[in-house]
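Read the structure below first, then the notes.
Each value in this text was obtained by applying a stated rule to the coordinates, not by laboratory testing. From a predicted model like this one, the values you see are computed outputs, not experimental measurements. As a convention, Cβ positions derive from the backbone with ideal geometry for all residues, glycine included, and neighbour counts pool all protein chains shown.
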Amino acid sequence: MQALYYDGDLRLRDLPLPELKSDEVLIRVLLAGVCRTDLEVIRGYRAFRGIPGHEFVGLVAGPEDSPWLGRRVVGEINIACGACDLCLRGLSRYCRGRRVPGLRDRNGTFAEYLTLPAANLHQVPDNIAAEAAVFTEPLAAALAVTDAVPHLTQSRILVVGDGVLGLLCCSVLALQGSEVHLAGHYPEHLRLAEAYGASGFLERELPGGDYDVIVEASGSPSGLTLALERVRPQGTVVLKSTYKGQVALDTAALVVPEVRLMGSRCGPFPAALRLLARGWVDPRPLIARSFPLAQGVEAIEFARQPGVLRVLLDCQ
Ligand SMILES: [Zn+2]
Ligand SMILES: [Zn+2]
């Protein structure tokens, strides 16, 4: 099969079909999404070697006796060991031996085929276009914010960062009826936020006043600085970004106003699929460009340019 392979260098390679373990299925990847985390992997920030990519929609192609055969699916990305103390306490999302396709000890989605445990799969309703279904994972990650913070409907919310995750956070938070502002850099992205029901502002033009809840999704430490400047006393900052290396943090900005800073990662796939199936969130305006897998190296170069939203790989 064809696949993009990273070993310090990114190349298109011809690799053997992956072998299946007893609880796994083989998936023919239809579309894969290139996310900022994947670009970090391909820069060598994460010590990952193998096939990158974790966002996909695909068709189950094997084994022949699988009840999933022929179904169109998306897949959760955490693969737990099932045996460590965290798994046994029901905290398998944080499993000590966790593998994640394209990110941690497991081949990912920038390939013609992928394997996943059947337990990770979710069937995609027929009325969701593949171009929308490929956003299930980041949309679920945006929904994680609504699970993590109480009383959102009565909150004035700021989302920092006008990339794909920030814009999807705007859409799910606005759907709850909250007042949502987005601070970004690209006027065309701010217009997308408006279409999702949020008010978009260039960072330097953000209106005055504190925010009850701030979601940091900019991927840049300056986003965290802005969040700590603008959150109200006893307010909440939800950190969706991971930063390269260490970040300088003025702890007085947390301690004195008694601000809650919380991390947030993966979210609920079934809820994301329901939002897509009902048409309440349409992520397709977030697609910058689609490339065939054979032009994967070019696709990654394109995705690296500033202000580019989601790049898709067509792996068929
Ligand atoms: Zn992602
Ligand atoms: Zn475990």
With both partners inside the chain, how many of the DSSP beta bridges are antiparallel, as a percent to the nearest 5?
55
What whole-number volume per residue, in cubic angstrom, does the convex hull of the C-alpha atoms of the range 138-263 give?
95
Give the angle, between 0 and 90 degrees and rounded to the nearest 10, that separates the Cα long axis of helix 269-278 from the longest principal axis of the Cα atoms of the chain.
80
Which length gain, in nm to one decimal place, applies between Val256 and Glu229 when the Cα-Cα distance is subtracted from 0.36 nm times their residue separation?
8.5 nm
Decide, for the range 154-222, between rounded, prolate and oblate: order the square roots of the alpha carbon gyration tensor eigenvalues as a ≥ b ≥ c, take rounded if a/c falls under 1.5, and otherwise choose prolate if a/b is larger than b/c, else oblate.
rounded
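Give me Arg89, Arg99 sorted ascending by neighbouring Cβ count inside 10 Å, so fewest comes first. List each step's numbers first, then the result.
On the way: Arg89 9, Arg99 16.
In increasing order of surrounding Cβ atoms, one gets Arg89, Arg99.
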I'd like the Kirkwood hydrodynamic radius of the chain, using the inverse of the mean 1/r over distinct C-alpha pairs, in Å.
20.1
Helix-only estimate, please: 222 nm mean residue ellipticity of the chain, summing -39500 (n - 2.57) across DSSP H runs of length 4 or more and dividing by its residues, to the nearest 500.
-7000 deg cm²/dmol
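If we count other beta carbons within 10 Å of each Cβ, what is the order of Cys170, Cys35, Cys87, fewest first?
On the way: Cys170 32, Cys35 23, Cys87 18.
Going from sparsest to densest Cβ surroundings: Cys87, Cys35, Cys170.
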A student applying the Cα gyration tensor rule (rounded when a/c is under 1.5; otherwise prolate if a/b is larger than b/c, oblate if not) would label the range 4-106 oblate
Neighbour-count order for Arg232, Arg13, fewest beta carbons within 10 angstrom listed first
Arg13, Arg232
In a Gaussian network model over the chain where Cα atoms closer than 10 Å are linked, find which of Asp126, Asp65, Asp23 has the largest mean-square fluctuation.
Asp65
Would you mind checking the range 100-118 for residues with the amide N under 15 Å from a putative spin-label position 7 Å along Cα→C-beta of Asp14?
112
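So between Gln154 and Ala277, what do we pick up on full extension, going 0.36 nm a residue minus the alpha carbon distance?
So the extension gain works out to 41.6 nm.
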